[in-house]
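A.B. asks: One structure follows; several queries about it will come next.
The values are calculated or read from the model by the stated rules, or taken from the named source; none is laboratory data. Bear in mind that the values here come from a model prediction, so they are computed numbers and not experimental data. Virtual Cβ from ideal backbone geometry, glycine too; neighbours counted across all protein chains shown.
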Amino acid sequence: MQPIAHETDLDELRRGSVVYAVICAWSKLGLFQQLSNGPVPLNALSGDQRSIRVTARILGHAGLLTTDGERWGLSSVAAQMIDQGVLNIGGGLDAMRVLGGLDELLIEGGPAKRQDGSSLATDGGVRDQDPEDVRRFLDMLYRRSEHSAKETARWFAERLPEGGHILDVGGGHGRYSEALSHYGFSATIVDKPVCCDITKERYGDRFQTIGGNFFEVDLKGPYDGALLSNIIHGLGPDEIQDLLGRLQAVIRPGGVIVIKDMFVDETHVSPEAAVIFAMTMLLYTSNGNSYATKELDMWCEQANFTPTGVVQARDQRFSLYFATRKR
């Protein structure tokens, strides 16, 4: 995102938000799916015809729909995205509605609330009372983590003893444990019971699982290392220190933790991904944020870990923070 320098930059942001809102609405109402069997006239789609015509043109301009002037169909990109589950983003419309109440959030603080006053807070993106939503969330994480899991495992593997045993914290979709297994490591995944059930569906008994809140359950061990992929941004500083303290108790001296996340730099206004993602944490968590590695240095030292370096995967917009359990 380029810095805002002119009124036209604000116009561009507004147009982008309109396009995203339309995509979310079509996804939520299943309109993309109604086109999945081939082009049809717009009056074959369910809904208000004027609204459908207006929004179809927007999606056509965005490259998701094609038309001969009479019939409309999915573009090849849209069809591929549907097959991959990428266009299953109807929930994004709810997030945009919440952003409409940002003025109240600035006064009252997060997490955001629904219209009925109930909290939108999740626990690591998971709401136990909706298993199908959990499944969709984990499937999304699994799909998006193909390359990041391989990159994380590649850098982590060289810091671990041969055949080591890893604790995968909050790793219910299993892709990071799977990537580590290709290097000969075994893994135990600790996550909510509903997430561990999905792990077992996907992998059977390939990985050990511990179902429960990782702040409360017996983490067992000892382990040669621990992986925290996209975990700490959902926690507050006190919770991070608590978790690191629990990990140092189950990791062998000399063992390594890797924290995969998006970190803000020393300016605190970059990189874009970390700075803007913090808004998601404000909306959906009680204490989450995007943190600086200097903050992690302090918390790790207090938990008996020595920071040992940061790997920046700029092409994938994340970093790997390493720390070693003191002997």
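A.B. asks: With respect to VAL22, is the statement that it is assigned to a helix (DSSP H, G or I), within 30 Å of THR285 (Cβ to Cβ), outside the structural domain of GLU146 (by TED's automatic domain parsing) and among the β-branched types (Val, Ile, Thr) true?
C.D. replies: The answer is yes for VAL22.
A.B. asks: Only one of (1) of a type in the set (Ser, Thr, Tyr); (2) more than 23 Å from VAL77 (Cβ to Cβ); (3) assigned to a helix (DSSP H, G or I) is not met by SER46, so which one is it?
C.D. replies: Looking at each condition in turn, SER46 falls short on (3).
A.B. asks: Using the structure shown, decide if GLY110 is crowded, with 19+ Cβ neighbours inside 10 Å and part of a loop (DSSP other than H, G, I, E, B).
C.D. replies: yes
A.B. asks: Do you know which of the residues in segment 293-319 that are surrounded by 15 or more Cβ atoms within 10 Å (Cβ to Cβ) and of a type in the set (Gly, Ala, Ser) is modelled with the lowest pLDDT?
C.D. replies: ALA313
A.B. asks: Still on this structure, I have one more. Based on this model, can you work out whether LEU106 counts as farther than 19 Å from ILE23 by Cα and either of a type in the set (Gly, Ala, Ser) or in contact (Cβ under 8 Å) with a residue 40 or more places away in the chain (or both)?
C.D. replies: No: the conditions fail for LEU106.
A.B. asks: Within segment 64-71, is there a residue that is among the polar types (S, T, N, Q), in contact with a strand residue (DSSP E or B) (Cβ under 9 Å, 6 or more places away or on another chain) and outside the structural domain of TYR142 (by TED's automatic domain parsing)?
C.D. replies: yes
A.B. asks: Could you count how many residues in segment 148-164 are more than 14 Å from the chain's Cα centre (by Cα) and assigned to a helix (DSSP H, G or I)?
C.D. replies: So the answer is 8.
A.B. asks: To continue, here is another question. Confirm whether VAL98 is in a helix (DSSP H, G or I), β-branched (Val, Ile, Thr) and in contact (Cβ under 8 Å) with a residue 12 or more places away in the chain.
C.D. replies: yes
A.B. asks: Still on this structure: Restricting to segment 162-219, name every residue that is of a type in the set (Ser, Thr, Tyr) and closer than 25 Å to GLU239 by Cβ.
C.D. replies: Passing the criteria: TYR176, SER177, THR188, THR199, THR209.
A.B. asks: Moving on to the next point. Which members of segment 28-40 meet the condition of being in contact with a helix residue (DSSP H, G or I) (Cβ under 8 Å, 6 or more places away or on another chain) and assigned to a helix (DSSP H, G or I)?
C.D. replies: Of everything in segment 28-40, those that are in contact with a helix residue (DSSP H, G or I) (Cβ under 8 Å, 6 or more places away or on another chain) and assigned to a helix (DSSP H, G or I) turn out to be LYS28, LEU31, PHE32, GLN33, GLN34.
A.B. asks: Taking the stated definitions as given, is THR199 of a type in the set (Ser, Thr, Tyr), within 23 Å of HIS147 (Cβ to Cβ) and either assigned by TED's automatic domain parsing to the domain that holds HIS147 or not in a loop (DSSP other than H, G, I, E, B) (or both)?
C.D. replies: Considered against the rule, which asks whether it is of a type in the set (Ser, Thr, Tyr), within 23 Å of HIS147 (Cβ to Cβ) and either assigned by TED's automatic domain parsing to the domain that holds HIS147 or not in a loop (DSSP other than H, G, I, E, B) (or both), THR199 comes out as yes.
Residue-by-condition table, conditions (1) farther than 22 Å from VAL217 by Cβ; (2) modelled with pLDDT under 95; (3) charged (D, E, K, R):
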site: GLU158; (1), (2), (3): yes, no, yes
site: GLU162; (1), (2), (3): yes, no, yes
site: HIS165; (1), (2), (3): no, no, no
site: ASP168; (1), (2), (3): no, no, yes
site: HIS173; (1), (2), (3): no, yes, no
site: HIS182; (1), (2), (3): yes, no, no
site: ILE189; (1), (2), (3): no, no, no
site: ASP197; (1), (2), (3): no, yes, yes
site: GLU201; (1), (2), (3): no, yes, yes
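A.B. asks: Here's a check for you: in segment 174-189, which residue that is closer than 20 Å to ARG246 by Cβ and in contact with a Gly (Cβ under 7 Å, 6 or more places away or on another chain) is surrounded by the fewest Cβ atoms within 10 Å (Cβ to Cβ)?
C.D. replies: For segment 174-189, the residue satisfying everything is ILE189.
A.B. asks: Please work out which residue is modelled with the lowest pLDDT, limiting yourself to segment 57-83 and to residues that are within 16 Å of ASN37 (Cβ to Cβ) and among the hydrophobic types (A, V, I, L, M, F, W, C).
C.D. replies: That would be ILE82.
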